[in-house]
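Notes follow once the structure below has been shown.
No lab work stands behind these numbers, since they all come straight from the coordinates. Source: prediction; values computed, not measured. All Cβ positions, glycine included, derive from the backbone under ideal geometry; neighbour counts span all protein chains shown.
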Amino acid sequence: MMIDLSDKVALVTGGARGIGRGICLVLAEQGADVAVADLNVDGAEAVCREIEDMGRKAHAVSMDVTSRPSIEKAVSEVLDGLGRIDILVNNAGVVGAGAWWERDRPSDEDWHLTHMVNVRGVVMVTEAVQDHMIARGSGRVVNIASIAARRGTPDIPHYSTTKAAVVSWTQSSAHQLAPHDITVNAICPGLLWTDMWQAISRRRSAVTGENISGRELFERAVENMTPMKREQTPEDIGKLAAFLASDDARNITGQAINVDGGIRMN
Ligand SMILES: NC(=O)c1ccc[n+]([C@@H]2O[C@H](COP(=O)([O-])OP(=O)(O)OC[C@H]3O[C@@H](n4cnc5c(N)ncnc54)[C@H](O)[C@@H]3O)[C@@H](O)[C@H]2O)c1
């Protein structure tokens, strides 16, 4: 089986770096044209240049997933630029408001922003794209949740709460869109050394008070938590997103699949 996304157009939120960038590049490798949406437009443009170097079309667009007007403007710009959206990947996510890692306990702002980006962002971007997919009678939605959805976490409870909500929303949305031949699935990544995990490390090393680098702390987490004893990469997440976005996955919907080296086996 070969994953073939040629002639498909994907929209990836939070595509300017980290996991989102990895997803964009794997989708393009499999033949898709890709719209890269992010608050960070310079980063999105840099990823677009990488996609164009692969011979695919790319379109960088400014989008704040917490703002419905920003989302609607961006979606209509992508439809004008690339013609349609076959695949939506809701990847943008945060762990808190500015310098959240310096706080002992999440503030109201941390709870609010995390909910707005991770939950409302996923819902509002889906709502902005789904009518277009419904009209065409096909589509693929992939939501990036987290293994933090699978079990509570003592230090980032607000984040775990939002990711559990993404899994629940994925199931509701899958029910709503199934009659239109649109699948909706979630991926739960494990441990990836992106900017996000670097901030989590800052928080955890401050709490333990140990003289240990963020990277060492991350490697310790990988060693202690992961049966497969290796970290995950953005490409690992991109490969599952590409499969879920393909015609071969037409009978998979409402699922949340861990890509975590076995950290959570549910
Ligand atoms: N890194 C991990 O170990 C890990 C594990 C599980 C799940 N995840 C999830 O994967 C996704 C990507 O995480 P990452 O590690 O690449 O994070 P990251 O912080 O490196 O990248 C997040 C991207 O989202 C963008 N973004 C943030 N707020 C936005 C907004 N309001 N509108 C549009 N874009 C916005 C940022 O500009 C950035 O480009 C997130 O949903 C995260 O929760 C990450």
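Please report, to two decimal places, log10 I(q)/I(0) for the stretch 141-266 at q = 0.13, 0.15, 0.19, 0.20 Å⁻¹ as given by the Debye formula with identical point scatterers on the Cα atoms and no solvent. At q = 0.13, 0.15, 0.19, 0.20 Å⁻¹ the computed log10 ratios are -0.57, -0.73, -1.06, -1.14. Summing +1 for each Lys or Arg and -1 for each Asp or Glu among the other residues whose beta-carbon sits under 10 angstrom from that of ALA149 gives +4. Relative to the longest principal axis of the C-alpha atoms of the chain, give the angle of the C-alpha long axis of helix 234-245, reported between 0 and 90° and rounded to the nearest 10°. It is inclined by approximately 40 degrees. Against the main long axis of the alpha-carbon atoms of the chain, helix 214-225 sits at an angle near 80°. What separates the Cα centres of the stretch 110-161 and the stretch 198-266 is a distance of 17 Å. Per-residue extension of 0.36 nm, minus the Cα-Cα distance of ARG84 and SER62, leaves a gain of 6.2 nm for this segment. Between SER107 and ASN266, the simple label model (points 7 Å from Cα in the Cβ direction) yields a spacing of 3.4 nm. Along the axis of the charge dipole computed for the stretch 85-160 (Cβ charges of +1 for Lys and Arg, -1 for Asp and Glu, origin at the Cα centre), the listed residues HIS115, GLY98, SER146 are led at the positive end by SER146. When each of the peptides 59-65, 38-44 is scored by how many other beta carbons lie within 10 Å of its residues on average, the order from highest to lowest is 59-65, 38-44. Computing FRET efficiency as 1/(1 + (r/R0)^6) for GLU72 and ASP42, where r is the C-beta to C-beta distance and R0 is 25 Å, gives about 0.65. For the stretch 199-266, the dipole from Cβ point charges (+1 on Lys and Arg, -1 on Asp and Glu) about the Cα centre works out to 240 debye, to the nearest 20. Once the chain from ARG49 to GLU235 is taken as fully extended at 0.36 nm per residue, the excess over their C-alpha distance is 65.2 nm. Here the label points at ASP131 and ILE212, each 7 Å from Cα along the C-beta direction, are separated by 5.2 nm in the simple model.
Given a cut-off of under 8 Å on Cα pairs at least six residues apart, what relative contact order in percent is computed for the stretch 1-54?
It rounds to 38 percent for the stretch 1-54.
Under 30 Å between alpha carbons, and skipping anything fewer than 8 positions from LYS57 in its own chain: which lysines qualify? Leaving aside lysines fewer than 8 places away in the same chain, those within reach of LYS57 are LYS8, LYS73, LYS239. Helix 157-177 and the longest principal axis of the C-alpha atoms of the chain enclose an angle of approximately 20°. Annotation for the stretch 46-73 versus the stretch 177-197: alpha-carbon center distance of 18 Å.
Remark: the chain carries a charge dipole of roughly 660 debye about the Cα centre, counting +1 on each Lys and Arg Cβ and -1 on each Asp and Glu Cβ.
Over the C-alpha atoms of the chain, the Rg to Rh ratio, Rh being the Kirkwood estimate, stands at 0.96.
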